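Worksheet: the structure to be examined is printed underneath.
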């Protein structure tokens, strides 16, 4: 999953021409899909889809719509822009988990593929979630209809969820998650190279990785193929 922070159409298409085959999902980060002209967003969505990529709206936009009681308008706008998938999260707001599950089911009924995210963007709040609770949330959200459950790490990849304050993976917590949840249904946010290397060496070169910067698509692919010293001869 690649993070689009506001790429221009021509820049985005140039990237897809050279490396679109390595991308499965393209997230319009935060609320970027409402701060640019609708025609541009619609064209970008259509372009990404032409490369068999699923573009989707970032979870913060869903949370804002939920907070403002405008989910119906949000769903309609997403449909109008051509999105077929959305992210359902509660990283920036407080949404009771039972309500979040209902939102996942509701979005599915609205015709969207749903990717849900577990974790808080505030490190202090995220630390209140035990690894056992995290896994239970993941199981419930997948059962409710999420096609992939995203493990929160933000775009910085430090001091959140499975990463410590230096961005290092907490392997014991990751092992607990892997022992209790299907790894194929997890999208690990891993914006930093060391994190990407960690998961490739641990879970193989086809591990689901997310929040990849748009200018590091090819870089990650070379890691997956063992073409860099970090993974050379190890996969």
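Computed from the coordinates by the stated procedures, all read-outs in this text should not be read as laboratory data. If you're wondering where the values come from, they're calculated on a predicted model, not measured in any experiment. Ideal geometry is used to build each Cβ from the backbone, glycine not excepted, and the neighbour counts take in all protein chains shown.
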>> Suppose the chain between residue 98 and residue 185 were pulled fully straight at 0.36 nm per residue; how much longer would it get relative to their current alpha carbon spacing?
In response: 29.3 nm
> How big is the stretch 69-183 on each of its three principal axes, counting only the C-alpha atoms and giving the largest first in Å?
Replying inline: 42, 26, 24
>> Rounded to the nearest 5, what % of DSSP beta bridges with both residues in the stretch 2-224 are antiparallel?
In response: 5 percent
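Relative contact order of the chain: what whole-number percent is it, with Cα pairs under 8 angstrom and at least 6 residues apart? All intermediate terms of the calculation are to be shown ahead of the outcome.
Working: 383 pairs, mean separation 38.0, N = 235.
Normalised by residue count, the contact order of the chain is 16 percent.
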> When the C-alpha atoms of the stretch 2-224 are aligned to their principal axes, what extent does each axis show, in angstrom, from largest down?
Replying inline: 46, 42, 27
> Roughly how many nanometres apart are two label points built 7 Å out from the Cα toward the Cβ at residue 52 and residue 234?
Replying inline: 3.0 nm
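Would you kindly state how much longer the chain becomes between residue 172 and residue 79 on full extension, computed as 0.36 nm times their sequence separation minus their alpha carbon distance, in nm to one decimal? Don't skip to the end; give the middle numbers.
Numbers: separation 93, 0.36 × 93 = 33.48 nm, distance 4.07 nm.
Length gained, residue 172 through residue 79: 29.4 nm.
Which whole-number value in Å³ per residue fits the convex hull of the alpha carbons of the stretch 1-106? Present the calculation step by step, with values, prior to reporting the outcome.
Numbers: hull volume 10.1 nm³, N = 106.
Given the Cα convex hull of the stretch 1-106, per-residue volume reads 95 Å³.
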> Given 0.36 nm per residue, what is the gain on full extension from residue 11 to residue 133 after removing their alpha carbon distance, in nm?
Replying inline: 39.8 nm
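Provide the percentage of antiparallel DSSP beta bridges, counting only those with both residues in the stretch 101-235; round to the nearest 5. Can you show the working numbers first?
On the way: 1 of 10 bridges.
Counting only bridges with both partners in the stretch 101-235, antiparallel ones make up about 10 percent.
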> Given the rule -39500 (n - 2.57) for each run of at least 4 DSSP H residues, summed and divided by the residues of the chain, what is its mean residue ellipticity at 222 nm, to the nearest 500 deg cm²/dmol?
Replying inline: -13500 deg cm²/dmol
